[in-house]
Amino acid sequence: RTHMTKVLAERTLEAVKVSQVLPMTNALLVASRTVKAPLDEISRKDMGRDFVTPEVQVITCGSLAIVALPGEPFSGLAMAIQKRSPFPHTLVAGYSNGYGVQYVGMPGEKALGGYEAGSRNLGTDECGQLLVDAAAGLLEKHYKQ
């Protein structure tokens, strides 16, 4: 415990050294959208339905945007959202807003296999792109307000 506490304290102090004050406005905007995410064949049989409806949520204030996704998004999915975001500071958080399609990545990642892309992924290959597109649409809408 003492070692982990020391590591956490050291990293916090390092982060403070490079931190910036973000200009904020009084406008805190929140929006969400559900996505019709198709399930893979095994999940369709197990769950008795063809899709789930995960929620994508966007919270913005000034130059900061937070995108909340269900399940565990792969880093490539988070980077795709950040690349399409018009906000200079965009954070992507997983484990938000329910169950979703569990582990989710960009198209093509599921075929590569591995722990996260195997049997623990309920959705089809296009689910990651659907989440990215929903997040990008909400971010764009907030940016224009």
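Just so you know, all these numbers are worked out from the coordinates, no wet-lab data involved. Quick caveat: nothing in here was measured; it's all calculated off a predicted structure. Quick reminder, even Gly has a Cβ in these numbers, built from the backbone with ideal geometry, and neighbours come from all protein chains shown.
Things to note:
- Only the Cβ atoms of Lys and Arg (+1) and of Asp and Glu (-1) were treated as charged; on that basis the dipole of the chain about its Cα centre amounts to roughly 400 debye.
- Packing, taken as the mean count of other beta carbons within 10 Å per residue, orders the peptides 46-57, 61-72, 8-19 from highest to lowest as 61-72, 46-57, 8-19.
- Counted as membrane-span-like here are DSSP H helices of the chain whose alpha-carbon atoms extend 20 Å or more along the helix's own axis and whose Kyte-Doolittle mean is -1.0 or above; these are 2-18, 127-144.
- Cα lying deepest toward the dipole's positive end in the chain, options TYR99, ALA9, GLY76, charges on Cβ: ALA9
- Shape call, segment 36-93: gyration tensor on alpha carbons, a/c limit 1.5: prolate
- Based on C-alpha pairs under 8 angstrom that are at least 6 apart in sequence, segment 47-87 has a relative contact order of 30 percent.
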